Amino acid sequence: MAFSLITHEETKSPISEAYRTLRTNVQFTSVDSKTKKIMITSSGPREGKSTTVANLAVSIAQSGKSVLVIDADLRNPTQHKLFQLGNFEGLSSFLVQDQEDSHNFIKETEIPGVKVLTGGPIPPNPAELVGSQRMKRLIKEVSEEFDVILIDTPPIIAVTDAAILAQEVDGVILVLAAGEVNKEYAQLAKEQLDKVGAKILGAVLNKADMNTSDYYYYYYYHGTDDHKKRHKGHKHR
């Protein structure tokens, strides 16, 4: 099992508890409206969005719910690495083939309750694929089967993919890297989401230094996805 899945490897760690806090806050957003299709993005690369998706999925599954992770970052798919799965076929394969049954592409994981639709081979037209009617139908169909759908997308500022998908989900979580993200970029990311009418559930301030006095909870939580050293120097997608 990949070390990045700290919620599975170290269930009693402070970081696992932070993910449980994130899980709880996401559940609270469902009090007045149904929130089961959730997109996770970031303002820029290497802010830890993919690791956040995977660990949140594990945490939600630990509460007894079924979770499907869709790796819609077709430009740099990562979920297959985190869950140690093959990626010969995946979302891109399904979107360009005539097969109607998505179950042939959804993979089991070692985590009870968590399944993954990996990104598949990197296509030449990722924005076109994620914006297709076939993608919309897929999201609708799997949302009827799983309790929660978590969609990993490219950074919102870099390309249009995330903005396209934001219109197909119930809510969006924005991941920001502490001490690294440019404040203007963070604001621009929010503005991009606002432009497409996305419901922003909140922000996750990631990769913070837990050993300094400025450690605190930020919106959902303030944590790090580096379980080895817990410092800012380690990089994650």
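A few comments on the model shown:
- Beta carbons closer than 8 Å, at least 6 apart along the sequence or on distinct chains, pair a first residue in region 57-78 that is in a helix (DSSP H, G or I) with a second that is of a type in the set (Phe, Trp, Tyr) for Val58/Tyr19; Ser59/Tyr19.
- Residue tally, condition part of a loop (DSSP other than H, G, I, E, B) and under 18 Å from Ser66 (Cα atoms), over region 82-107: 3
- Screening the candidates Ile106, Ile122 for the property of being in contact with a strand residue (DSSP E or B) (Cβ under 6 Å, 6 or more places away or on another chain) and surrounded by fewer than 24 Cβ atoms within 10 Å (Cβ to Cβ) yields one hit, Ile106.
- Sole exception among (1) in contact with a helix residue (DSSP H, G or I) (Cβ under 7 Å, 6 or more places away or on another chain); (2) hydrophobic (A, V, I, L, M, F, W, C); (3) farther than 19 Å from Gly131 by Cα for Phe88, by number: (1)
- Hey, Asp98 open to solvent by less than 10 Å² (accessible area, probe 1.4 Å), among the acidic types (Asp, Glu) and at negative phi or not: no
- Single condition Ile111 does not satisfy, out of (1) more than 25 Å from Ile60 (Cβ to Cβ); (2) open to solvent by less than 30 Å² (accessible area, probe 1.4 Å): (1)
- Scan region 25-56 for residues that are outside any loop (DSSP other than H, G, I, E, B) and at pLDDT 90 or above and the total you get is 14.
- Cβ-Cβ contacts under 9 Å between residues 6 or more apart (or on different chains), taken from a first residue in region 174-201 that is farther than 13 Å from Thr41 by Cβ to a second residue that is surrounded by 15 or more Cβ atoms within 10 Å (Cβ to Cβ) and of a type in the set (Phe, Trp, Tyr), are listed as Ala178/Tyr218.
- Out of Gly119, Gly131, Gly90, Gly44, sole residue that is over 16 Å from His8 (Cα atoms) and under 13 Å from the mean Cα position of the chain (by Cα): Gly119
- Some residue of region 13-23 being closer than 21 Å to Met135 by Cα and either under 13 Å from the mean Cα position of the chain (by Cα) or among the small types (Gly, Ala, Ser) (or both): no
The values are calculated or read from the model by the stated rules, or taken from the named source; none is laboratory data. Everything quoted here is computed from the prediction, not taken from an experiment. FYI the Cβ positions are ideal-geometry reconstructions off the backbone, even for glycines, and counts take in every protein chain you see. The area values use the complete protein model at the heavy-atom level, side chains included, leaving out ligands, DNA and RNA. Shrake-Rupley method; radii C 1.70, N 1.55, O 1.52, S 1.80 Å.
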